[in-house]
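J.: Let me begin by handing over the structure; questions about it come next.
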Amino acid sequence: MLDLESTDGQSNATVVARAKTWLTKLTTKFGVKPIIYTGNNLAATTGNNFSGYPLWVPNYGATCPMMPSGWSNWKLWQDTDSGSVAGVSARSTPTSSTALSPRSKR
């Protein structure tokens, strides 16, 4: 998984180049494309560069998540930033159970 939540002050071109390098290494090593965790807030950075990868999108409190550029479907949708899981004492960030299959952008 590539967790892409901020640019940390890097240019869009640098973020994209480094992300592509990492994704290529993971794909080569494991033989499958990794999922990318990113939100619509980074659409200007990601552009259409990663549309061939599965998406895990965070969008809290929505009835349908806003999609970053390049994606029309998501694999996982994180619809809250807090929650709990039975048997786990630490705070967790559950992913919507409705996100178990791809959905189309509306």
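The values are calculated or read from the model by the stated rules, or taken from the named source; none is laboratory data. In this text the structure is predicted, and so the values were computed from the model without any measurement. In this analysis, Cβ positions are derived from the backbone assuming ideal geometry, glycine residues included, and neighbour counts consider all displayed protein chains.
J.: Contact list please: Cβ distance under 7 Å, first residue in region 40-64 and over 16 Å from W22 (Cβ atoms) and among the small types (G, A, S), second residue modelled with pLDDT under 90 and in a helix (DSSP H, G or I), pairs at least six apart or on different chains.
T.: Listed pairs, sorted by first residue: none to list.
J.: Can you say whether D3 is touching a strand residue (DSSP E or B) at 6+ places or on another chain (Cβ under 7 Å) and loosely packed, with under 13 Cβ neighbours inside 10 Å, as far as the supplied structure shows?
T.: Working: touching a strand residue (DSSP E or B) at 6+ places or on another chain (Cβ under 7 Å): yes; loosely packed, with under 13 Cβ neighbours inside 10 Å: yes.
Taking the combined requirement at face value, the residue satisfies it.
J.: Related question: Pairs under 9 Å by beta carbon, first residue under 17 Å from P54 (Cα atoms) in region 8-36, partner among the small types (G, A, S), six or more apart or different chains?
T.: Once the first residue is under 17 Å from P54 (Cα atoms) and sits in region 8-36, its partners that are among the small types (G, A, S) give V16/G47; K33/G52; I36/A19.
J.: When the residues of region 65-75 are filtered to those that are surrounded by fewer than 19 Cβ atoms within 10 Å (Cβ to Cβ) and in contact with a helix residue (DSSP H, G or I) (Cβ under 6 Å, 6 or more places away or on another chain), which remaining residue is farthest from L23 (Cα to Cα)? Full working, then the answer.
T.: We begin by selecting, within region 65-75, every residue surrounded by fewer than 19 Cβ atoms within 10 Å (Cβ to Cβ); these are 66, 69-70, 72-73, 75.
Then keep just the ones that are in contact with a helix residue (DSSP H, G or I) (Cβ under 6 Å, 6 or more places away or on another chain); that gives 66, 69.
On the way: M66: 23, S69: 18 Å.
It comes out as M66.
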